[in-house]
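Since every read-out is calculated from the coordinates, none of them should be taken as a lab result. Quick caveat: nothing in here was measured; it's all calculated off a predicted structure. Cβ: placed from backbone, ideal geometry, glycine included. Neighbour counts: every protein chain shown.
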Amino acid sequence: VHGNWGGSALTVPKDAENPEAAWKLVKFLTSEPAQFEIFRQSGNFPSTPAAYDRPEISGLADPFFDNQVVGPMFVESVIGAPVKSRAPQDRGINRLLTDQLHAYNSLQASRRVGIASAWAQVQTDIDEYVAAAEAKDNSSEGE
């Protein structure tokens with residue numbers, strides 16, 4: 001069984017050449033039959049709960065765990081998982097990227113410079129966040 005760390009999203013851009021066909025593809029890929037087939041072929045656990053009742057999933061045994069049935073554990077962990085989590089800097093990083101992407105799309109800035117600038121600022125914000133978190137951890141160790 002395989003997972004996807006970080007998740008993924010299927011979107012249809014507003015200026016897609018064929019948005020109807022793109023939306024049909026999104027609907028198909030997230031359908032129970034398609035999710036199950038992806039699981040069957042690649043081991044990626046389905047994101048569509050309707051697939052969890054299939055015996056191949058509910059009775060899933062894993063050789064790594066001496067062929068114990070692990071399907072119900074996976075189902076429970078997925079159903080109980082938070083839909084989305086955010087780090088403290090998510091809002092600021094999202095704002096930076098969104099501003100840069102708007103500039104990119106409207107051609108107000110050089111495409112390479114805009115994306116490079118946004119990425120550099122995100123890296124700086126992440127470094128600052130990590131440094132602050134480490135400082136906080138270090139200060140609590142001395143208590």
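Inter-label distance, GLN123 to VAL78: 3.7 nm, where each label sits 7 Å from its Cα along the C-beta direction. For the pair ASP99 and GLU134, label points projected 7 Å from Cα toward Cβ lie 2.7 nm apart.
Computed from backbone phi, the HN-Hα couplings of segment 19-36 come to x, 5, 5, 5, 5, 4, 5, 4, 4, 5, 5, 9, 6, 4, x, 5, 4, 5 Hz, rounded to whole numbers (Karplus: 6.51 cos²θ - 1.76 cosθ + 1.60, θ = phi - 60°; Gly and Pro given as x). Taking amide H atoms as placed 1.01 Å from N in the peptide plane, the amide H of ASN44 lies under 5 Å from those of HIS2, each 5 or more residues away in sequence or on another chain. Descending by average beta-carbon neighbour count within 10 Å, the peptides 14-21, 36-43 line up as 36-43, 14-21, the highest first. Near ASP62, the amide H atoms lying under 5 Å from its own belong to ASN67, GLN68, VAL70; only residues 5 or more places off or on other chains count, and H is placed 1.01 Å from N. Under a model in which nothing but the beta-carbon of Lys, Arg (+1) and Asp, Glu (-1) is charged, segment 25-77 shows a dipole of about 220 debye around its Cα centre.
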